[in-house]
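Step one of this worksheet: look at the structure below.
Here, each number is a calculation from the coordinates, and none is a lab measurement. This is a predicted model, so every value here is computed, not measured. Cβ sites come from the backbone with ideal geometry, for glycine too, and all protein chains shown count toward neighbours.
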Amino acid sequence: MSEESDLEKAHAQLIEQRRLIIEALAKGAQTDENIERLLKYQSAIDVLYVLMAEDEDEEEEEED
């Protein structure tokens, strides 16, 4: 299994977890814990975007 597919799987899981937390917040479960979870999920998603972009750049350089 490639590293890229692992990153994509992790990304999909984090997106789903973020969606669930947003739904909970929308339903009134606006606890500090849920807000903190949302921020952590978003931070992790942002990191994955950077890692995936770096992988794409490396692949393009290898092709050149």
On Cα atoms only, tilt of 3-26 relative to the major axis of the chain in degrees: 20 degrees
Please identify the trypsin sites (Lys or Arg not before Pro) of the chain that satisfy two criteria: DSSP loop assignment and at most 13 other Cβ atoms within 10 Å. Which are they? Lys27
Estimated translational D of the chain in µm²/s (Stokes, Kirkwood radius over Cα pairs; 37 °C; 0.692 mPa s): 251 µm²/s
